[in-house]
1. Would you tell me the accessible area of Asp287, worked out with a 1.4 angstrom probe on the heavy atoms of the protein chains, in Å² to the nearest 10?
2. Positive end of the charge dipole of the chain (Lys, Arg +1 and Asp, Glu -1 on Cβ, about the Cα centre): tell me which of Val45, Leu355, Phe145 has its Cα farthest that way.
3. Assign unit charges at the C-beta atoms only (+1 for Lys and Arg, -1 for Asp and Glu), then state the dipole size of the chain relative to its Cα centre in Debye, rounded to the nearest 20.
4. Ignoring ligands, DNA and RNA, what accessible area per residue does the chain give at 1.4 Å, in Å²?
5. Using a 1.4 Å probe on the protein chains only, how many percent of the accessible area of segment 9-136 belongs to carbon and sulfur?
6. State the answer as a single residue: which of Tyr113, Ser30, Gln192 lies farthest towards the positive end of the charge dipole of the chain, with beta carbon charges of +1 for Lys and Arg and -1 for Asp and Glu, about the Cα centre.
7. Any idea what angle helix 275-289 forms with the longest principal axis of the chain, computed on alpha-carbon atoms, 0 to 90 degrees, nearest 10?
8. Taking the chain as the reference, fit the longest principal axis to its C-alpha atoms, fit the long axis of helix 252-273 to the helix C-alpha atoms, and give the angle between the two in degrees, 0 to 90, nearest 10.
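The values are calculated or read from the model by the stated rules, or taken from the named source; none is laboratory data. In this text, all values refer to a predicted model and were calculated from it rather than measured experimentally. With ideal geometry, Cβ positions are generated from the backbone for all residues, glycine too; neighbour counts draw on all protein chains shown. The protein model used for the area step is the full one, side chains on, heavy atoms only, and it has no ligands, DNA or RNA in it. Shrake-Rupley method; radii C 1.70, N 1.55, O 1.52, S 1.80 Å.
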Amino acid sequence: MMRIKIKALLENPQIGSEVLIKGWVRTFRSNRFIAINDGSTINSVQAVIDFEKEDENELKRIATGASIEVVGNVVESQGSGQSIEIVVKSFNILGDANPEEYPLQPKKHSLEYLREIAHLRPRTNTFAAILRVRHAMTFAIHEFFNNRGFYNIHTPLITATDAEGAGEAFQVTTMDLKNVPLNDDKEVDYKQDFFGKETSLAVTGQLEAELAALGLSEVYTFGPTFRAENSNTTRHLAEFWMIEPEVAFADNNDNMDLAEAMLKYCVQYALDNCKEDLEFLNKRLQDEDKSKPQIERAGDLFEKLEFVANNDFERITYTEAVQILRNSKPNKKKKFQFLVDEWGIDLQSEHERFLVEKHFKKPVIISDYPANIKAFYMKLNDDGKTVKAMDILFPGIGEIVGGSEREERHDVLTQKIKDQNIPMESVWWYLDTRKFGTVPHSGFGLGFERLMLFVTGMGNIRDVIPFPRTPKNAEF
């Protein structure tokens, strides 16, 4: 007999049919009722066993966490909480779970505790729901770009270029760190390393995606990126996933249009395809809100998602944003940790969230940032002091997308590289594309885990990726 997944069984319960299900025991009540879940859905199915006909030693093995296969007949449920149940004809324990050792007993566990046992988190309703939504969002990203004629590009994870210029990259080496070779100048001799030069894990696939876009017109990457930023906030990871489209013959307005359309598509996809998991996550959110002051409550998850899907994002310039912030009550009353007093400052998370959550009360796109706080590859505006950059800010998240029109003029880009002291030998190939058929082009980066934070309503980025990598933490 072929196994049927619980999701398929619940969607098409053929009353009277005999089925084989396999999964993990969630609970075993009264030596009679087994709640079984196989991860295909948030819902478990109840199997009813006749304990008087079963071996007592085998019944003792039906413990929370044990894996089990059950053959039985599908009947209408006589109890509340489920529409069908399975009357067990036979069962077999596939894998035991000692009740005294199994860490996930049927009770509420804190998210902090579950991070310590991340290898078992997918067994919980919360993280199984998050991982199913994560899959759906991955599929939605690929579907969105595929439907628009984009090509998916796999960019290198090992690079000799720090594209962001922040110096926060993880070094890659095969050298013996206890006996690092030095050159005549007593500096590390990278010529003896595997690649013959200093290399690191990539913080972005953008530069290589640009190369592909200047031949294929519309491309996107979707892969892991790495940043050695010693930040222990609820919004930062050392290893995270990025979606980075690059589009030839597109200016920054086209860029903003594409990013807004993509975010709305993903949010709508979640609403259309993840209803049960979102309902569970929303109930969890509402339960958490009850213990918080009104001002700190997250509100209804579905309302947030529908608002983003159905409303245009507010678009303002950096200069307009600074004017709003400078004149805001939190700034005048010195409640911001970082006061806004002059044009040219780098906006902080508290500023971004004020604009989104308090002032406009909707997602905001800020464009035309000061050139000196943005990366070298962003196109310089005619004023000589701002660049054609754009960031998208979301409620509860802050920045979720960052992008720009790229500087396609060879002379201007060369000067910017020199001004930022970027070694020319590490980006010669990037400059080459500006010599051979250059075109205006734009792109952006979406931090996938930040999208997941918004869609699931979770409060910590460590809880929307299966195995988080953060400072001093590389378990599992």
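1. It works out to around 70 Å².
2. Most positive-ward Cα: Val45.
3. I would put it at about 1260 debye.
4. Per-residue accessible area for the chain comes out at 50 Å².
5. Solvent-exposed carbon and sulfur of segment 9-136 make up 46 percent of the total.
6. My answer, from the dipole projection, is Ser30.
7. 80
8. 0
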